[in-house]
Amino acid sequence: MQASANGHRPGGRRARYPAKYSAFGLLRHGLTHQEWPPAWRSHPMKRSYDAVIIGGGVHGLAAAYYLAANHGITDVAVLDKGYLGSGGSGRNTAILRSNYLTPEGVRFYDRSIKLYQRLAADLDFNVMFSQRGHLTLAHSDASLRTMRWRAEVNKIERVDSDVIGPAEVKRLVPFLDVSPAARYPVLGALWHPPGGIIRHDAVVWGYARGASALGVHLHQNTEVTGIDVTGGQVRGVRTSQGDIATPVVLNATAGWCTLISDMAGVAMPVQTFPLQAAVTEPVKPFLSTVVVSGTLHVYVSQTDRGELVFGASVDPFTSYSMRGSLEFIEGLAGHVLELMPALNKVRVLRQWAGLCDMTPDFSPIMGRTPVEGFLTDVGWGTYGFKAGPVAGEAMAECIATGRTPEIIAAFGLDRFAAGALVGEKGAAAVGH
Amino acid sequence: MILLPCAWCGPRDAAEFQHVGEAVTRPDPRTATQAQWRAYLYLRANPCGWTAETWYHRMGCRRFFKVERHTETNEIRPARVAAVAGQVPGAVAGQVPGAEAAG
């Protein structure tokens, strides 16, 4: 049966628990001062599950949700060593876009944007998706050339993207310094109207709520300590809360994906780098689009509360440390002022870091592995959050049917041995 | 600030260096199988703990050297030479100082 655009099958199961969120419900709770029921239930851990998903972020929870909603597989456990959304899902800069470079990449991320557009209605949870447009600046002829290439690939795949000139950029973002006297003059930009920002925590909570309502068990503070593999087949998972027997394990971790894969004996072409981000004090709304500059290693958007959220490229060396560095914030401040000199009095509230699993070709690694029953949804580098829904949908189909869906066929682990890389560095190295 | 013990310049701010990556053994391209070569190109141990790696003193003496670094705490200690000697990839192998890398 054909899945509809929102990921549900017509007439499929709908979430009944917890109570439906609505304007009427809000009014009723306001008048009666009743406690809101918890968004998801907690369960004692069972000894066995049909499938275990490691990683309680947007990818793991989306996979659990679509397993239950699209395929009726509800005997599923999602494990997280911290709290739900404590990893990359709560640390990214919440930017969504689909203006990638390869046709495979564009199709894949465009499906994710389409799922995100319907997500609030699907999950009955306000995820605050704002399609305000995404602007990638070109400061050199080389980057302008890559942008024309991206725009043409996007158009062929029916994704709204175009190259615009400095005057148009100035019209969209009046505070931007587009004068030819700038240290890195703006020669043009890739304008991508469907891009935007979203409330990333709400996406995690919405999927957790939806999955829990369909019967999925969510186990927080449960660290995986080992994976049992015998005869090339997954038999179970050992955790800090006890052992679980299962024939299917999905590695949906970011940052620690090689540590989990090593437990199953699967080598991953991944290196872990921190990526730092920062947020300023709130100011009046003045920035209506997402602005990215690859040359200056910065991207900026303004939240609904008025804070400016900045991100950068990954740190210059591998690490599992999530400490911020002075070098980062110093470099970021310089680059931001290069773009928007008017921000020179704005204060930074805080900075943080998340872990990025970088692959050699800047594309993820999804699908089956040489170990039967051990699947991966990893290698998400700096672009994992925007792919959460489509990756979850595709991995759920992969688990349920045993076949690799067409939309992720290019992203298998075997592409490295075959030399069939999906080079997305030109579209994913900094700008997202 | 992280201080890296350059084998020639002594302890310097890590911002002066370029991280080359994990010290790996380059197979002989004339005899390596395709699988060995691709493993050399793409696969890394990526441990959460101590790892031996190569750094390049880009803004200093412009030479390569090795240290061991803890990837979670970013502590640095001298490379155990026996474990990593001769493992710098590619053409830079001849420049590896060996025992002096203990800095």
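If only one of A:TYR66, A:TYR83 is at pLDDT 95 or above and surrounded by 24 or more Cβ atoms within 10 Å (Cβ to Cβ), which one is it?
On the way: A:TYR83 fails: surrounded by 24 or more Cβ atoms within 10 Å (Cβ to Cβ).
Just a single option satisfies the conditions, and that option is A:TYR66.
Confirm whether A:GLY379 is within 14 Å of another protein chain (Cβ to nearest Cβ) and buried (at least 24 other Cβ atoms within 10 Å of the Cβ). Spelling it out, A:GLY379 is indeed within 14 Å of another protein chain (Cβ to nearest Cβ) and buried (at least 24 other Cβ atoms within 10 Å of the Cβ). Among the candidates A:ARG238, A:ARG209, A:ARG199, A:ARG183, the residue that is of a type in the set (Lys, Arg) and free of Cβ contacts under 8 Å to residues at least 60 places away in the same chain is uniquely A:ARG238. Only residues that are touching a strand residue (DSSP E or B) at 6+ places or on another chain (Cβ under 6 Å) and within 8 Å of chain A (Cβ to nearest Cβ) were counted across the range B:4-18, and they come to 2. With respect to being out of contact with any Leu (no Cβ under 8 Å at 6 or more places or on another chain), hydroxyl-bearing (Ser, Thr, Tyr) and not in a strand (DSSP E or B), A:SER319 fits the description. Can you find even one residue in the range A:300-313 that is under 26 Å from B:ALA14 (Cα atoms) and modelled with pLDDT of 95 or more? Yes, the range A:300-313 has at least one match.
State yes or no: is A:LEU115 in contact with a strand residue (DSSP E or B) (Cβ under 8 Å, 6 or more places away or on another chain), part of a helix (DSSP H, G or I) and either assigned by TED's automatic domain parsing to the domain that holds A:TRP380 or modelled with pLDDT of 90 or more (or both)?
Working: in contact with a strand residue (DSSP E or B) (Cβ under 8 Å, 6 or more places away or on another chain): no; part of a helix (DSSP H, G or I): yes; either assigned by TED's automatic domain parsing to the domain that holds A:TRP380 or modelled with pLDDT of 90 or more (or both): yes.
No; evaluated as a whole, the condition is false for this residue.
Residues in the range A:53-62 include at least one that is buried (at least 16 other Cβ atoms within 10 Å of the Cβ), assigned to a helix (DSSP H, G or I) and in contact with a Ser or Thr (Cβ under 7 Å, 6 or more places away or on another chain).
Quick one: is A:SER261 out of contact with any Pro (no Cβ under 6 Å at 6 or more places or on another chain), away from chain B (no Cβ under 11 Å), closer than 21 Å to A:PHE385 by Cα and not in a loop (DSSP other than H, G, I, E, B)?
On the way: out of contact with any Pro (no Cβ under 6 Å at 6 or more places or on another chain): yes; away from chain B (no Cβ under 11 Å): no; closer than 21 Å to A:PHE385 by Cα: yes; not in a loop (DSSP other than H, G, I, E, B): yes.
Here the answer is no, as A:SER261 does not meet what is asked.
Checked against the criterion of being in a loop (DSSP other than H, G, I, E, B), farther than 30 Å from A:ASP414 by Cα and not assigned by TED's automatic domain parsing to the domain that holds A:GLY60, the candidates A:PHE310, A:PHE286 yield just one match: A:PHE286. Listed here are the helices (runs of 4 or more DSSP H) enclosed by the range A:325-432 that have at least 1 residues being more than 22 Å from A:LEU115 (Cβ to Cβ): A:326-339, A:414-418, A:425-428.
Within the group A:LEU218, A:LEU176, which residue is among the aliphatic types (A, V, I, L, M) and within 18 Å of A:GLY55 (Cβ to Cβ)?
Numbers: A:LEU176 fails: within 18 Å of A:GLY55 (Cβ to Cβ).
Result: A:LEU218 is the single residue among A:LEU218, A:LEU176 that is among the aliphatic types (A, V, I, L, M) and within 18 Å of A:GLY55 (Cβ to Cβ).
Among the candidates A:MET322, A:MET340, the residue that is more than 13 Å from chain B (Cβ to nearest Cβ) and modelled with pLDDT under 95 is uniquely A:MET340. Each residue in the range B:20-47 was checked for being touching an Asp or Glu at 6+ places or on another chain (Cβ under 7 Å), surrounded by 16 or more Cβ atoms within 10 Å (Cβ to Cβ) and assigned to a loop (DSSP other than H, G, I, E, B), and 2 of them qualify. Go over the candidates A:LYS425, A:LYS386 one by one and state the one that is more than 24 Å from A:ALA62 (Cβ to Cβ) and not acidic (Asp, Glu). Checking each option against the conditions leaves just A:LYS425.
Looking at A:TYR207, A:TYR184, just one residue is outside any strand (DSSP E or B) and modelled with pLDDT under 95, and that residue is A:TYR184.
Could you say which residue among A:GLY133, A:GLY165 is surrounded by fewer than 17 Cβ atoms within 10 Å (Cβ to Cβ) and in contact (Cβ under 8 Å) with a residue 12 or more places away in the chain?
Numbers: A:GLY133 fails: surrounded by fewer than 17 Cβ atoms within 10 Å (Cβ to Cβ).
So the residue among A:GLY133, A:GLY165 that is surrounded by fewer than 17 Cβ atoms within 10 Å (Cβ to Cβ) and in contact (Cβ under 8 Å) with a residue 12 or more places away in the chain is A:GLY165.
Return a yes/no flag: does the range A:211-228 have any residue that is of a type outside the set (Ser, Thr, Tyr), assigned to a loop (DSSP other than H, G, I, E, B) and at positive phi. Within the range A:211-228, one or more residues are of a type outside the set (Ser, Thr, Tyr), assigned to a loop (DSSP other than H, G, I, E, B) and at positive phi. Taken across the range A:147-166, residues that are part of a helix (DSSP H, G or I) and over 26 Å from A:SER112 (Cβ atoms) do occur, with at least one present.
The values are calculated or read from the model by the stated rules, or taken from the named source; none is laboratory data. Computed from a predicted structure; not experimentally measured. Every residue, glycine as well, gets a Cβ built from its backbone with ideal geometry; the counts of neighbours run over all protein chains shown.
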